Amino acid sequence: MIKKENLPNLLTVGRIFVIPLFLVLTSIPDSILVHRLAAIIFALASLTDYFDGYLARKWQVVTNFGKFADPMADKILVMSAFIMLVGLQLAPAWVAAVIICRELAVTGLRLLLIENGGKVLAAALPGKIKTATQMFAIIFLLSHFVLVGTIFLYISLVFTIYSGYDYFKGASFLFKDTFK
């Protein structure tokens, strides 16, 4: 029997374990049906991202494992999806590169903030919009609804850049001595 306090972490681990299956399915070229199955798996994995955090906070069972693994699982899933979309020629490489670089930069920024006083960089509204539009873009593009997916892709690109700027602006005190 699964204890309720373990459920958020089990959802996170489940998301990590479906990533290889997602990668295999998106590796199959010219198969709309298989790509749509990958889109469904991606959508379900994305839903676990919402529920694991919601349940951990609701039940007050936030763990160090969850703090580490949840954002890592999200980044691996989303970055893998964008790389695979480039390989399937459903997304431009430069857009995927901007999104991946922003994710890595903000992750580095979060580490610097923790190192310099333990401040946690909470997700602001632009970051939440970025995440939602990225997920919709991935799902629509993998489903081969290319026009709708491309619209969401470019909306997500705008929010990716803006939210990255917003996070760095909020943490600018870390870099105040950089160019003296």
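The values are calculated or read from the model by the stated rules, or taken from the named source; none is laboratory data. Since we're looking at a predicted model, the values are computed, not measured. Because the Cβ atoms are built from the backbone with ideal geometry, glycine has one as well, and the counts that use them run over all protein chains shown.
Values as computed for the structure displayed
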| read-out | value |
| --- | --- |
| Cβ pairs under 7 Å, 6+ apart, first in region 61-85 and more than 25 Å from Ile139 (Cβ to Cβ) and touching a residue at least 12 places away in the same chain (Cβ under 8 Å), second part of a helix (DSSP H, G or I) and not aliphatic (A, V, I, L, M) | Val61/Glu5; Val61/Pro8; Thr63/Asn9; Phe65/Asn9 |
| Residue in region 54-72 that is among the hydroxyl-bearing types (Ser, Thr, Tyr) and either farther than 18 Å from Ala122 by Cα or touching a strand residue (DSSP E or B) at 6+ places or on another chain (Cβ under 8 Å) (or both) present | no |
| Close pairs (7 angstrom Cβ cut-off, 6 or more residues apart or separate chains): in contact (Cβ under 8 Å) with a residue 40 or more places away in the chain and within 20 Å of Ile28 (Cβ to Cβ) in region 87-98, of a type in the set (A, V, I, L, M) and buried (at least 16 other Cβ atoms within 10 Å of the Cβ) anywhere | Leu90/Leu141; Ala91/Leu85; Ala91/Leu141; Ala91/Leu153 |
| Residue within region 78-93 that is under 30 Å from Gly14 (Cβ atoms) and either of a type in the set (D, E, K, R) or in contact with a strand residue (DSSP E or B) (Cβ under 6 Å, 6 or more places away or on another chain) (or both) present | no |
| Any hit, region 106-119, residues being among the charged types (D, E, K, R) and within 12 Å of the chain's Cα centre (by Cα) | no |
| Close pairs from region 100-124: first within 15 Å of Gly164 (Cα to Cα), partner among the basic types (Lys, Arg) and surrounded by 11 or more Cβ atoms within 10 Å (Cβ to Cβ), Cβ under 6 Å, at least 6 apart | Glu103/Lys75; Leu113/Lys119; Leu121/Arg110 |
| Number of positions in region 62-102 that are of a type outside the set (S, T, N, Q), over 13 Å from Ile19 (Cα atoms) and modelled with pLDDT under 95 | 8 |
| Neighbours by Cβ (under 7 Å, 6+ apart or cross-chain): first from region 151-162, under 12 Å from Met135 (Cα atoms); second surrounded by 15 or more Cβ atoms within 10 Å (Cβ to Cβ) and among the aromatic types (Phe, Trp, Tyr) | Phe152/Phe136; Phe152/Phe140 |
| Test result for Leu153, under 30 Å from Ala39 (Cα atoms) and in a helix (DSSP H, G or I) | yes |
| Selection from region 146-180 of residues that are modelled with pLDDT of 90 or more and over 30 Å from Gln89 (Cα atoms) | Asp166, Tyr167, Phe168, Lys169 |
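Yes or no, residue by residue, for (1) within 25 Å of Leu44 (Cβ to Cβ); (2) aliphatic (A, V, I, L, M); (3) more than 16 Å from the chain's Cα centre (by Cα):
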{"residue": "Ala137", "(1), (2), (3)": "yes, yes, no"}
{"residue": "Ser143", "(1), (2), (3)": "yes, no, yes"}
{"residue": "Phe152", "(1), (2), (3)": "yes, no, no"}
{"residue": "Gly164", "(1), (2), (3)": "no, no, no"}
{"residue": "Phe173", "(1), (2), (3)": "no, no, yes"}
{"residue": "Lys176", "(1), (2), (3)": "no, no, yes"}
